[in-house]
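The structure under discussion appears below in the form of structure tokens.
The values are calculated or read from the model by the stated rules, or taken from the named source; none is laboratory data. Everything numeric here is computed off the predicted structure, so don't read it as measured data. Every residue, glycine among them, receives a Cβ derived from its backbone with ideal geometry; neighbour counts consider all protein chains shown. The accessibility values were calculated without ligands, DNA or RNA, using every heavy atom of the protein model including side chains. Shrake-Rupley method; radii C 1.70, N 1.55, O 1.52, S 1.80 Å.
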Amino acid sequence: MSGILAQYGSLGETQLAIERLRAAGYHDLEVFSPIPAPGLEEALGITSSPVRRWAVVGGITGFATAVALTVLTALAYPLVTQGKPIVSLPAYFIIMFEMTILFTGLFGLVGLLYHTRKPTRRLAAEYREAFSVDRFGILVISPVDAAAAEQLVRETGPVEVEVTE
């Protein structure tokens, strides 16, 4: 990706830089952090994880699969035992619960891998080793007016700025 990569020495500087860039209309940002920082997510405007939607869909799919599996199996092979109904839901609750939990977990894992872009064979070209140690990074991805974006980034007080191709 081409853009402007800025490295910052503290979390506070990084948050202020993100807020200034977003206020100036730059919303296509990639942020690198050595620690989990909820403040960066707030500055980027990320309110909730999309993985939870995957988990809900997985839970609904698991429940529907369990109901279909148990009911259709009972109807395909009817076995009347002491006059009880062929489709007796209390007997199927355990299977429904287990399939719901299984599919929720599997769909959640797939959603997590999808949204974190994992597994990756190699790191992005913009990644710097310092982002895993003590630096924070912001990549302004392909700004329309690169000179103005670079000037704005330099005004935010980064430790280092580089233009990536």
Practice prompt. Taking every pair of Cα atoms in the chain, average 1/r, invert it to obtain the Kirkwood radius, and report Rg/Rh to two decimals.
Written response: 1.28
Worksheet item: Taking H as built 1.01 Å from N, whose amide H comes closer than 5 Å to the amide H of SER49, not counting residues under 5 places away?
Response: none
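If you take every residue apart from ALA148 with its C-beta less than 13 Å away from the C-beta of ALA148, what net charge results, scoring Lys and Arg +1 and Asp and Glu -1?
Numbers: positive: ARG20, ARG154; negative: ASP145, GLU150, GLU155.
My count for the surroundings of ALA148 gives -1.
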Worksheet item: How high is the relative contact order of the chain, given as a whole-number percent (alpha carbon pairs under 8 Å, six or more residues apart)?
Response: 55 percent
Item to complete: Could you tell me the accessible area of TYR114 in Å² (1.4 Å probe, neighbours in place), rounded to the nearest ten?
Response: 150 Å²
Item to complete: Answer rounded, prolate or oblate for segment 24-97, using the Cα gyration tensor with square roots of eigenvalues a ≥ b ≥ c: rounded when a/c is under 1.5, else prolate when a/b is larger than b/c, else oblate.
Response: prolate
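Using the Kyte-Doolittle scale, find the helices of the chain whose mean hydropathy is at least 0.5 and whose Cα atoms extend 15 Å or more along the helix's long axis, counting only whole DSSP H runs. Walk me through the intermediate numbers first.
Details: long enough: 11-23 (18 Å, -0.08); 51-76 (37 Å, 1.41); 93-115 (32 Å, 1.79).
Qualifying helices: 51-76, 93-115.
How charged is the neighbourhood of LEU44? Take every other residue with its Cβ under 14 Å from the Cβ of LEU44, and add Lys/Arg as +1 and Asp/Glu as -1. Don't skip to the answer; put the middle values down first.
Details: positive: ARG20, ARG22; negative: GLU19, ASP28, GLU30, GLU41, GLU42.
After counting each charged neighbour, the total is -3.
Only Lys, Arg, Asp and Glu count, each charged at its Cβ (+1, +1, -1, -1), so figure out the dipole size of the chain about its Cα centre, rounded to 20 debye. Kindly include the intermediate steps, with their values, before the conclusion.
Working: 12 positive and 16 negative charges, 209 e Å.
It works out to roughly 1000 debye.
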Discussion item. For a protection proxy built on the mean count of beta-carbon atoms within 10 angstrom, sort 46-53, 133-140 highest first, please.
Written reply: 133-140, 46-53
